[in-house]
1. In sequence order, what are the phi-derived ³J(HN,Hα) couplings for the range 975-983 according to the Karplus relation 6.51 cos²θ - 1.76 cosθ + 1.60 with θ = phi - 60°, rounded to whole Hz, with x for glycine and proline?
2. On the principal axes of its Cα set, how long, how wide and how thick is the range 750-790? Give whole Å, largest value first.
3. Cross-link partners among lysines for Lys500, C-alpha distance below 18 Å, same-chain residues fewer than 8 apart left out?
4. Once the Cβ-Cβ distance between Glu553 and Ala579 is put in as r, and R0 is 25 Å, what FRET efficiency do you end up with, to the nearest 0.05?
5. If the label point is 7 Å along Cα→Cβ of Tyr926, which residues in the range 943-966 have backbone nitrogen under 19 Å from it?
6. Find the relative contact order for the range 598-677 and round it to a whole percent, using C-alpha pairs within less than 8 Å whose residues are 6+ positions apart.
7. Are any of the pairs Lys72/Lys160; Lys160/Lys1068; Lys72/Lys998 more than 31 Å apart by Cα-Cα distance, and if so, which?
8. Compute the FRET efficiency between Thr512 and Asp436 as 1/(1 + (r/R0)^6), taking r as their Cβ-Cβ distance and R0 = 25 Å, and round to the nearest 0.05.
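Derivation of every value follows stated rules applied to the coordinates shown; laboratory data play no part. Because the structure is a prediction, the values reported are computed rather than measured. Note that we place each Cβ from the backbone using ideal geometry, even for glycine, and neighbour counts take in every protein chain shown.
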Amino acid sequence: MSSYNTGEVSGTMFVGGLVGEHLTTFITASFWNTETSKQGNGVGRGLQTGASGLNDDEFKQKASFGGFDFDKTWTIDEGTSYPYLQYQLFAGGDGTEGDPYRIEHVDQLQAMKKSPSSHFILMADIDASATAEWNDGAGFEPVGTDSNPFTGSLSGNGKKIRGLVVNRPDQNYAGLFGWISPSGQLTGVALEDADITGAFYVGGLVGVNYSQEITTSYVTGEVSGSGDCVGGLVGFSGSGKITASYATANVLGSNQTGGLVGLTYGKITASYATGEVSGSNQTGGLVGSNSGEITSGYWNLDASGQERGVGDGPSDGTTGLNDADFRQAASFDGFDFVDTWMITSSLSYPYLKNNPQSPSPGYAPMLTPPADGTYKIGDELRFTLDFHAPVAVTGEPVLPIMVGETERTAVYAGLSGNRQVAAFTYTVPEGDDDSDGVSIAASIDLNGGSIAYVDVPDGVVLTHGTARVLAGVLVDGVRPVVMDVNIGVSGATGTDGAYKIGDVVTVTWDNTAAGDGNVDIESVTVDFSEFGGKAVVEATNGGDAWTATYTIEAGNIDASDLNVSVTATDDAGNETMTADDTGAQVDNIAPSAPTGLEATPGDTQNRLDWEVNSEMDIASYRVYGGTEADPTTLLADAVADNTYTHTGLTNGTMYYYRISAVDAAGNESAPGSDVSEIPKAQQTIAFEGLGGKVYGDNPFVLSAEATSELPVQFVSNNGEIASIGDDGVTVTIHRAGTVKITASQAGGTAFEPAVDVKWELVIDPAMLTVTAEAKTKAYGEEDPELTYTYSGLANGDTESVITGTLSREPGENAGTYAITLGTLSAGSNYTIDHTGANLTITPAQQQAVTLLGQAVIYDGSRHSLSVQGLATDASVTYSNNNHTDAGTYEVSATVIRPNYEPLTLTAALTIERAAASIAGAEPQEYAYDGTEKVLDATLNHGEASLSYSPKRGYTDTGTYTITASAPQTRNYRSVSKVFTLRIVSSPRTLEFPPLREKTYGDDDFDGGAIASTREQVIYTSNNSAVAVIVEGRIRIVGAGEVTITATVPENGNYAEQPNVSRTLVVHKAPQTITLSVPSEVSRDAGTIPITATTSSGLPVTLAVDNPEVASLEGTRLLIHRLGTARITATQAGDGNHEPAEPVTVTVRVIDPASDFPIRVSKAVSPNGDGINEYLIIEAVKDYPENRVCIFNRNGTVVYEALGYNNGSVAFRGVGTGQQRVPEGTYFYTAEVRVNGRWEYRTGWFVLRY
């Protein structure tokens, strides 16, 4: 019953895929594979009832196996494997509460996910560190989900799970268990050094504990979630209970973040948390948010960084303890320290008696690192370790640290604090540098010494935590680089580059120059003491360079080879002092003031003389002068002799002088006593020529200057022609003629008299302008009077000075005659400039000639006007006459007649516009077809086109009022007419053919629906997990069925909006497995890597059929003994992939050094401890034809068997007579049939109980 066969079956009689011959027993719910067995009948002979044949695909479907218990006994990887027994996943047990599945390694821990309703027990400590590489770095897959929760139980059985990694930052429900629900229990589960990362509902042990009970369990390590409900033990606890459990893990979350539980609605009893807790809101040292009941709950105030045990909700039953109190049993009211808890007073936190953490929680010393900051050369970094109780230290233990890339040690520096705090110090040497933070090892290095508790027998834990980087503890042991070639000293103005009194010495250190380039300079000082200045002068930072200045003062220095020094200090306080390499000369001793100064005046100059200074290094003298006493203006800067002439002076001005001496370095003495003197000079007159004048010019002012700047006097030699006024400088002209003007200056106290300067003044006659006026008369009339205008009379003269008349050229015919000067004159003071004119005789005017206007209606013919009353000798010329188009035209007619003026007449010719009309049907109606419908109307003339308001044509349905109009044109008046245009709605349809079946992974495709109106088709999907619509195309995103609906946009122009739905079936994608394992390996090969991949990229499950020969550890095959093992790789598929065909590879383990194919163990100990319970004969199953005989020292056979198989046929200390044989040494013969020949070996083994 409930059995099957898939192997190939062949025979000659009574051959069946399941049973050869069926006589009396019943067959129930049993199956055979019709393809692999190559048998069409399940029973070769007898009743077929209860036997069912399945093809290979059906054999991989759970639904095919009616009567199989897939809850407790069987399991299947749907679509990829045949059914297999659940116990095959584990080290034993049947998954019941009485016989739970046994877990011995991490793969079996992960296999709990395949049987979430079963019961499990740990049989060994589990090294789960390999999970860090699982699932492309995502790590362990949490057991239980919201849709398939874990409902069984797990007993820790005093074992531990270490190094479990869950790295699923985008996944909710993260932990060893993702989601657990009623009817189960987690007891004594110890999860150490876990690294759990998720999104929402994240816990070290459980993401969501809906209602299970968790007891005597704990978590250490790191737990983090990007969302809400994050806890060190449990993320979310519903109605479940948490009893006698704790978490020391550091916890990082957002809202509802707690050291033990993120959010709880259940009960928490006798539990605690000590990890560092960080969150945004509702964050507590024990619980983030509490809506349940807490009794005897504790959190570590110092370690958690949280002042509140409960971030939100009632905090009754919670107590915060400092680190010292956390190490005392008396602090934990409600904890059972007899049966459940243990504690090492003053040293550890409470730990569980049934599964003690080693080392105990809190047992490790507490490290206090140096304060954050940058430490310079010579600074001490002090690390202290609090061992929580007095210790004795011998030798020289060290604390390994890493400074930059250099390994260093902090050396032991003594005890303090009741001898329980050990100090380790490291002094920064020159050259060490670490800008990222000093790294500290996890443990103390005893370095040949020892550390032991004084009063406590327990051993000292040397590990104080995890190795880590102290990001705030920085080391700068590199002094600034200050090269002398990058120090510039400038400002010397003395001779040959010497520095003298008053020079501003500028020192510049270019930190960016080659060789320097420090990036951490905090300050720079300059030592000017050799130059007579201060020893410390602060420099200023100009970006690329630092600069300091000092102004040299008078003193007693006169030396060379002097230097300044630059001291640079970095931001850590390291200093470097470097002197410049210039070797400067400094002279700050000034000479004495000169004496004996005298001044001698001259013409625009003064000569100075003084006594020579007595100093040997006098280089020159400086002369200061001015028009005020104690002059400061420098007249001469480098006077080599003791005399100087000051030239270019202003005569008559008092000048003052004084002298100073300058030495070879350029230092200047104080000025000596001053002297004064006035210079005196000749003068001349500057009197320019007067130029010509004209009778009638206005009086003018004479201008002349003496070089003395004294006033100049003027005299005229003929006052009747031109005279000098009372002011002595104004000349008045009386008549035309010539006169002489003399300029003179009599001199003064500072100047001699000037030589007179004379000039001749010529006065010309004025110009009188006479302009004749033009005159006109008609033919036959008398001449008019000839008149004129004039201008230019001067000196008050009137018209009376003008005499005589104008005249004209002779003649009386119509025409033009010139007007001449005639006898006109104005006397000797004027010259007449005459401008002539003309006398014009004009023709007579014509009389009684007319041109009359006319108005007509436009009729397409031509119209014109004509002149009335023409004389017989007259001729006429028309302009703008003879028109057809409407309009008003000004017609002109010019009449020409001898001896008369030409006559131009004008009149209006008006052609008025004709009336216009519009024709068209009313109303006009069309059916909607998506094209524009336009109004049909015509105009009765072609001079304009009709316009339509609001427009002529429409596409959409509706009744439209349209006004057709034509504007006024050249020959027609404007016109308009109102019409009605109607567009009525039309029907439309949608054709959507059935959709072809697709496979997951197929490309996007078009649905193929077509609207009768050729509008764009819109698709929608009712199942976005199978298909979505992207840019109008159907995209497959998963396997399954989905309804795709096609429709068109709403459009009021149509009577309906059709839509059509089609079913799209998307099949799962097939996948294959590639398995690579050596077919033959040596017994001492140890670990063999296995390469197993799927074409889909889904993870592969590996199984081995003979764990005596080899076992699996992740993707490694552990070789144990001789024999044959088959490695089977399976992949159950997922929602989008079919199960892969299992792949099995046979591995044979051999011993190349042995000529016998089997090996017999040397020890048997059937005592129930699971080790050497029977006599193990390696590879014996590969040779089923075998004989084994065991005899004692006396040669008496105590056991013999055929077909020895290490299982049902095996020696377990019971002889052939079913009697237990005594302990001792026994001998054996082992025979196997190899390639048709019997081979044997003899040997011995020891039996112990």
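1. Computed from phi, the couplings for the range 975-983 are 8, 8, 8, 9, 10, 10, 10, 10, 10 Hz.
2. Answer, in whole Å and largest first: 87, 17, 10 Å.
3. Cα-Cα hits under 18 Å: Lys534.
4. With R0 = 25 Å, the Cβ-Cβ based efficiency is 0.70.
5. Within reach of a label on Tyr926: 946-965.
6. 34
7. Working: Lys72/Lys160 26 Å; Lys160/Lys1068 40 Å; Lys72/Lys998 36 Å.
Flagged as over cut-off: Lys160/Lys1068; Lys72/Lys998.
8. On the way: r = 25 Å, r/R0 = 0.99.
For R0 = 25 Å, the calculated efficiency reads 0.50.
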